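Values in this text are rule-based calculations from the coordinates and carry no lab data. Note that the structure is a prediction, hence the values are computed from the model and not measured. We place every Cβ from the backbone using ideal geometry, glycine too, and count neighbours over all the protein chains shown.
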Amino acid sequence: MKRALLFAVALGVSTALFAAEDGARIVDDAWLKAIQANDLDAVVATYAEDATMYPPDEMEAKGKEEIRENYSILLGANTVQEVKMLDRHYRTAGDVSVGWGRVTLVLKPKSGDEPVSLEVRFSAIAVKRGGKWLYLVDHASAPLPSSK
């Protein structure tokens, strides 16, 4: 009996520890699925109402409506053919989680031009609200050309 109780407690603790690492990863995985499906509503649903996004091509988008406008332009002009997150890292403490890594996208312009491949670096802060993990800050940046 003691052994079973000890096992149950250990299992609960290890499950809580592993779940604590998943906050920003959960949001990233939802975003990956949504952007690959070219689903604007699902992409926007990964953001908190008061989120701020720093896209690689402009200063910022504040709040869900500006974030929706930003993705609407991207998805209105392109079809996402492929997306991958690489070299992902996550840390979570309570209801706040951070993630960082790289994202590659292959976009097919709806104008008929050849597909474009992009690689950006990302960092994100996710928060757990109402039992759901959401982006609070999403920052993507493209490396500047090398001066070498």
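Some values worked out for this structure:
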{"quantity": "Cα-based shape type of segment 41-96, given that a ≥ b ≥ c are square roots of the gyration tensor eigenvalues and the cut on a/c is 1.5", "calculated": "oblate"}
{"quantity": "Given charges at Cβ of Lys, Arg, Asp, Glu: segment 2-141 dipole, positive-most of 106, 133, 79", "calculated": "133"}
{"quantity": "Relative exposure of 135, 54, judged by other C-beta atoms within 10 Å (fewest first)", "calculated": "54, 135"}
{"quantity": "Pair residue 117, residue 79: separation of 7 Å Cα→Cβ label points (nm)", "calculated": "2.0 nm"}
{"quantity": "Neighbour-count order for 79, 92, fewest beta carbons within 10 angstrom listed first", "calculated": "79, 92"}
